[in-house]
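The values are calculated or read from the model by the stated rules, or taken from the named source; none is laboratory data. Worth saying up front: this structure is predicted, and the values here are computed from it rather than measured. Ideal geometry is used to build each Cβ from the backbone, glycine not excepted, and the neighbour counts take in all protein chains shown. Accessible surface is based on the protein model in full, side chains and every heavy atom, while ligands, DNA and RNA are left aside. Shrake-Rupley method; radii C 1.70, N 1.55, O 1.52, S 1.80 Å.
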Amino acid sequence: MTGDNPPVGDSQPLFTARFAALCLCGVFYFMALGLVYPVLPGFVKNDLGGGPVAVGLAVGGFGLSAAVARPLVGPLGDSKGRRFVVVWGCVLAGLGILGNVWVTTVAVALLFRLLTGLGEAAYFVGIAAAAQDMAPEHRRGEATSYFSVTVYSGLAVGPILGEQLEAAANADAVWILGGAMMAVATVLGTTSMPGRPADAPTGWPTSFIHWPATRPALLLGLGLLGYSGFLAFIKLHVDDIGFAHSGAVFATFAVMVISLRILLARLPDRLGPQRTSTMSYVCSATGLWIIAFWSQIPGVFIGTAILAMGQTFLFPALFVMAVQSAPANKRSQAIGTFSIAFDLAVGLGGLILGGVVEVSSYSMAFFAGGCLSLIALVVSRTVVRPQLKTAY
């Protein structure tokens with residue numbers, strides 16, 4: 001690494017003050033994103049008069065703009081450095097959340113959500129690459145697990161804060177707090193992120209896609225479609241069955257993921273991506289089907305816990321596969337390509353399952369989400385996985 005980026009060797013510890021600051025930046029950033037999840041669906045439905053498809057687009061629409069931006073942001077993170085894209089990502093995402101204060105129509109809400117997606121594209125590519133820059137090579141899966149704990153820590157606390165703040169004040173207070181948290185994340189990103197990698201590329205990239213990362217990206221995207229429906233519609237589903245504390249459902253999901261990733265941080269490295277993804281797809285389908293057919297409060301929490309088990313290790317295992325397919329000076333590009341799958345899954349999953357709600361019910365949307373996880377398992381075993389054995 002150059003300048004403030006000393007080389008990372010296998011003897012260098014993973015846990016440093018800088019890595020801790022990076023993780024704290026992630027907590028504030030994802031806490032701000034988490035504030036939105038229990039508030040935005042009701043805001044779009046009740047305040048703006050939007051239907052199920054509008055709700056799905058508003059919650060997941062940021063994934064569509066992020067997917068478009070990833071191929072551009074990836075090479076930018078390599079040439080300009082991780083700090084550059086992280087800071088600008090925080091700024092754009094903060095504006096996208098704060099802008100809801102002035103929203104009066106569904107169309108404008110979607111525009112600000114798309115702006116949040118642009119910020120998400122930049123932020124995640126930068127911070128994920130920085131976490132890998134700081135990790136010894138043989139502990140990259142472990143570093144990914146610990147870094148992702150910050151994601152779910154924020155997503156555990158954020159929805160509870162958002163729901164309580166809206167009840168105590170109003171939705172505007174949630175948007176303002178989200179903007180303030182993004183400001184804190186911006187400061188932490190400025191002080192903790194490394195700069196440009198060694199041999200950073202210059203000029204216009206020859207390709208915006210890192211093609212070896214597309215295979216693990218496909219596995220990830222297929223595994224996240226059902227989860228995206230959970231994010232978009234679990235709040236409205238629990239409202240329908242008479243439970244007024246959806247923040248507790250989000251917190252259950254996040255606490256399960258955090259606990260498993262801390263206690264079993266090295267499991268993806270030991271099992272490998274093939275067995276890990278199989279376990280993920282099966283648990284995800286099971287959890288979503290339980291939510292679909294057990295339309296009572298215990299069913300929601302048990303299904304959520306099993307869904308969380310499914311989602312816990314899918315990303316770390318496949319993420320390391322994508323990172324290992326690229327040298328350090330193309331790491332952001334590989335991560336940008338890989339994370340397009342997350343964006344498309346969130347955007348398309350919310351849209352597809354919103355259509356199911358439009359013609360049926362929330363329960364049928366969760367059932368369809370479980371079916372998508374089962375389809376993901378079949379595709380991974382029959383189409384993608386044989387290619388992965390050859391390529392990796």
If we keep only residues of region 23-48 that are modelled with pLDDT of 90 or more and not in a helix (DSSP H, G or I), then the residue surrounded by the fewest Cβ atoms within 10 Å (Cβ to Cβ) is L48
Quick one: what pairs do we get from region 264-291, first residue within 10 Å of L377 (Cα to Cα), second hydroxyl-bearing (S, T, Y), C-beta under 9 Å, 6+ apart or different chains?
S277/S380; T278/S380; S280/T312; S280/S373; Y281/S373; Y281/S380; V282/S373; A285/S373
Checked pairs for region 230-241, first under 13 Å from V39 (Cβ atoms), second crowded, with 17+ Cβ neighbours inside 10 Å and of a type in the set (D, E), C-beta under 9 Å and 6 or more apart or across chains, list as K235/E163
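Please determine whether any residue of region 354-375 is modelled with pLDDT under 85, crowded, with 24+ Cβ neighbours inside 10 Å and more than 22 Å from F243 (Cβ to Cβ). Walk me through how you get there before you give the answer.
So in region 354-375, the residues modelled with pLDDT under 85 come out as none.
For region 354-375, residues modelled with pLDDT under 85, crowded, with 24+ Cβ neighbours inside 10 Å and more than 22 Å from F243 (Cβ to Cβ): absent.
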The one condition in (1) part of a helix (DSSP H, G or I); (2) of a type in the set (G, A, S); (3) open to solvent by 30 Å² or more (accessible area, probe 1.4 Å) that G94 fails to fulfil:
(3)
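Condition test on V86, is it assigned to a helix (DSSP H, G or I), over 19 Å from L165 (Cβ atoms) and β-branched (V, I, T)? First the steps, then the outcome.
Values: assigned to a helix (DSSP H, G or I): yes; over 19 Å from L165 (Cβ atoms): yes; β-branched (V, I, T): yes.
In short, yes.
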Complete set of residues in region 77-89 that are touching a helix residue (DSSP H, G or I) at 6+ places or on another chain (Cβ under 6 Å) and either on the phi > 0 side of the Ramachandran plot or surrounded by fewer than 24 Cβ atoms within 10 Å (Cβ to Cβ) (or both):
V87, W88
May I ask you to list pairs of residues, at least six apart or on different chains, whose Cβ atoms are under 9 Å apart, with the first in region 122-145 being over 15 Å from G336 (Cβ atoms) and the second being at pLDDT below 70 and hydroxyl-bearing (S, T, Y)?
P136/S11
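For region 288-327, enumerate the residues that are more than 30 Å from D78 (Cα to Cα) and within 19 Å of the chain's Cα centre (by Cα). Steps first, answer last, please.
Quick first cut of region 288-327, residues more than 30 Å from D78 (Cα to Cα) only: 288-310.
If the condition is that a residue be more than 30 Å from D78 (Cα to Cα) and within 19 Å of the chain's Cα centre (by Cα), then L288, T304, A305, I306, L307, A308, M309, G310 are the ones that fit.
Quick check on this structure: which one of L177, L155, L111 is open to solvent by 20 Å² or more (accessible area, probe 1.4 Å) and modelled with pLDDT of 95 or more?
Working: L155 fails: modelled with pLDDT of 95 or more; L111 fails: modelled with pLDDT of 95 or more.
Only one candidate passes the filter, namely L177.
Quick one: would you say T286 is within 26 Å of S360 (Cβ to Cβ), out of contact with any Gly (no Cβ under 9 Å at 6 or more places or on another chain) and open to solvent by 10 Å² or more (accessible area, probe 1.4 Å)?
On the way: within 26 Å of S360 (Cβ to Cβ): yes; out of contact with any Gly (no Cβ under 9 Å at 6 or more places or on another chain): no; open to solvent by 10 Å² or more (accessible area, probe 1.4 Å): yes.
When the stated conditions are applied, T286 does not pass them.
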Here the residues within region 49-70 that are surrounded by fewer than 21 Cβ atoms within 10 Å (Cβ to Cβ), more than 14 Å from L115 (Cβ to Cβ) and either touching a Gly at 6+ places or on another chain (Cβ under 6 Å) or β-branched (V, I, T) (or both) are V53
What single numbered condition from (1) under 30 Å from S332 (Cα atoms); (2) part of a loop (DSSP other than H, G, I, E, B) fails to hold for Q274?
(2)
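Here are S325, S373, S332: which of them is outside any helix (DSSP H, G or I) and among the small types (G, A, S)? Before the answer, list the steps.
Working: S373 fails: outside any helix (DSSP H, G or I); S332 fails: outside any helix (DSSP H, G or I).
Sole residue among the options that is outside any helix (DSSP H, G or I) and among the small types (G, A, S): S325.
Given the criteria part of a helix (DSSP H, G or I), open to solvent by less than 40 Å² (accessible area, probe 1.4 Å) and hydrophobic (A, V, I, L, M, F, W, C), does L307 qualify? I'd like the intermediate steps shown before the answer.
Working: part of a helix (DSSP H, G or I): yes; open to solvent by less than 40 Å² (accessible area, probe 1.4 Å): yes; hydrophobic (A, V, I, L, M, F, W, C): yes.
Yes; evaluated as a whole, the condition is true for this residue.
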